[in-house]
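The values are calculated or read from the model by the stated rules, or taken from the named source; none is laboratory data. Keep in mind that what you see is a predicted model, and the values were worked out from it rather than measured. For neighbour counting, all protein chains shown are included, and Cβ atoms are generated from backbone atoms with ideal geometry for every residue, glycine included.
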Amino acid sequence: MKAVLIAVPLVLLGLFSQAYGAFDSDGNYYCNASNLPLEETIYKSSVSKIDSGMKSYLSLNPSATDQELHSYLISSPEVSQPYSIMEQSKACLQSNGINPNAVAAPSSLLLEVFAAPEFGVVSSLVLVITLASVVVLQNRINRTGIIRN
């Protein structure tokens, strides 16, 4: 009887942990090559969140320049965190032989803003570092509970 009481929660934990299989206990993304349908879902969700965030920003700022949109994308955690996850998930899908564009295609505006020549290689490096910093900072804030809603 004691074994059954221990086994049932472990089985339930195993069943439900698959839903969150590509994020560790701290909420950090990792590539889960053993569950590619989940990776595809994560990629689709990230693309959708970014597109939604851009549309929302542009509805409030219809004459925003590419630079202003770029600044918003890297400074807003609601967009920068999904962007970071999208890029990581994209790399995961590619490394497992899946074309991310066949799963979901980011808006052409997003691609234009991040591919614009005025941002160059140095700015791309700054973007990656900024996105990583935002994700790390957000995770620390979430863990320490500094900000409460």
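Just checking, does the stretch 61-72 include any residue being within 16 Å of residue 113 (Cβ to Cβ), small (Gly, Ala, Ser) and at pLDDT 90 or above?
yes
Can you pull out every residue in the stretch 38-57 that is closer than 21 Å to residue 71 by Cβ and either in contact with a Gly (Cβ under 9 Å, 6 or more places away or on another chain) or surrounded by fewer than 17 Cβ atoms within 10 Å (Cβ to Cβ) (or both)?
Within the stretch 38-57, 52, 55, 56 meet the criteria.
Across the stretch 88-124, what is the number of residues that are at pLDDT 90 or above, in contact with a helix residue (DSSP H, G or I) (Cβ under 8 Å, 6 or more places away or on another chain) and over 15 Å from residue 54 (Cβ atoms)?
10
Given 32, 61, which one is touching a residue at least 24 places away in the same chain (Cβ under 8 Å) and among the polar types (S, T, N, Q)?
32
Quick one: residue 146 ticks every box in (1) modelled with pLDDT of 85 or more; (2) assigned to a loop (DSSP other than H, G, I, E, B) bar one, so which box is it?
Failing condition for residue 146: (1).
Please list, ordered by residue number, the helices (runs of 4 or more DSSP H) wholly in the stretch 51-116 having 3 or more residues that are over 25 Å from residue 28 (Cα atoms) and not hydrophobic (A, V, I, L, M, F, W, C).
Answer list for the stretch 51-116: 66-75.
Just checking, does the stretch 34-42 include any residue being among the β-branched types (Val, Ile, Thr) and in contact with a Ser or Thr (Cβ under 6 Å, 6 or more places away or on another chain)?
For the stretch 34-42, residues among the β-branched types (Val, Ile, Thr) and in contact with a Ser or Thr (Cβ under 6 Å, 6 or more places away or on another chain): present.
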